Amino acid sequence: MLFDIFPVLLSALLSALIWDFFFIPPHFTLHIGSTEDMIMLLMYFVIASVNAVLTYKIRQIAKVARDEEEKANAVKLYNILFNSLSHELRTPISTIIGASDNLLNDKNKISESNKRELIYEISQASLRLNKQVENLLNMSRLESGFIQSKKDWCDVHELVHSVINQLDDVLKNHKVKATFSDNLPLFKLDFGLMQQVLNNLISNAAAYTPNGSTIFIHAGINKSSSIERFSLSIEDNGKGFPENEIQKVFEKFYRLKDSKTGGTGLGLSIVKGFIEAHQGTITLSNVPTGGSRFTIKIPTETSYLNSQKDE
């Protein structure tokens, strides 16, 4: 069942010889005393050999089927990636080229306000392009197993507010409410990876909720069985996720069926990979009042300042 054809045939031959040596009279010799025993031994060897060959053929067929399935999945993944990137990379590049050409060719005819608008378009397209390339590089690092968290003491207040400040333009049409549990300690986390986790989750919430909606962020600590876990939730009051798609959102290149154009479907799979690099978990659920909630829990060391833990 496990080896190639030659070891399997050898095992069939050896089992026949062992049967002959120990069980066919005269015992403890390879001599066979009767024609009936000789025929029975030969039939045993033939049946064992046929069984070995058929088992090997079945394994070969199964291997060919797996190879075909892997090829089909690879082609499907390539098509998804190509179709996604052909839009996501070409659009910002076209914007940058067009705005740059306008600035270069009509520099004496363009008003200052139009110049600022073109420069703003170049800046936004560059940021979008940079984000897509960064997502591809991060996914490549995750697939290769290169990602390893470099943990250091982290102030969660600084982590959350630094990401919110980075996303000023993304969040200009949304409200953000960040709350923190009392007397939060320092947590040992990879600050850079957690910044990207928060960045992707908040950007995702802003992209798929209507203008004027609120994004709630809460950081705390979860204690169970003497293990302390860093707890973080990102919640919105949008429409939430279809129940039949909740289990799929962390898959590579997966995008909701009715989602708007744009995006490669890598953001949430990267988030999951970065959380797992911390030996943590991330779950998605719909809020009963409307919207969705991502919940992150990471087992980590803590450091309380000024004996806050005992207060």
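The values are calculated or read from the model by the stated rules, or taken from the named source; none is laboratory data. Just so it is clear, the structure is predicted and the values come from calculations on it, not from any experiment. Every residue, glycine among them, receives a Cβ derived from its backbone with ideal geometry; neighbour counts consider all protein chains shown.
Looking only at region 281-302, which residues are surrounded by 14 or more Cβ atoms within 10 Å (Cβ to Cβ) and charged (D, E, K, R)?
R293, K297
When residues of region 188-215 are filtered for being modelled with pLDDT of 90 or more, touching a Phe, Trp or Tyr at 6+ places or on another chain (Cβ under 7 Å) and not aliphatic (A, V, I, L, M), how many remain?
The number of residues fulfilling the criteria is 1.
Assigned by TED's automatic domain parsing to the domain that holds S11, touching a Ser or Thr at 6+ places or on another chain (Cβ under 9 Å), touching a residue at least 40 places away in the same chain (Cβ under 8 Å) and not aromatic (F, W, Y) - does that describe any residue in region 49-56?
yes
Within region 265-292, restricting attention to residues that are β-branched (V, I, T) and out of contact with any helix residue (DSSP H, G or I) (no Cβ under 8 Å at 6 or more places or on another chain), which residue is farthest from F250 (Cα to Cα)?
Taking the candidates together, the pick is T289.
Does T214 fit the bill of being surrounded by 19 or more Cβ atoms within 10 Å (Cβ to Cβ) and either touching a strand residue (DSSP E or B) at 6+ places or on another chain (Cβ under 6 Å) or over 23 Å from K150 (Cα atoms) (or both)?
When the stated conditions are applied, T214 does not pass them.
Can you tell me which residue among L14, L10 is at pLDDT 85 or above and either polar (S, T, N, Q) or closer than 28 Å to K57 by Cα (or both)?
Result of the check over L14, L10: L14.
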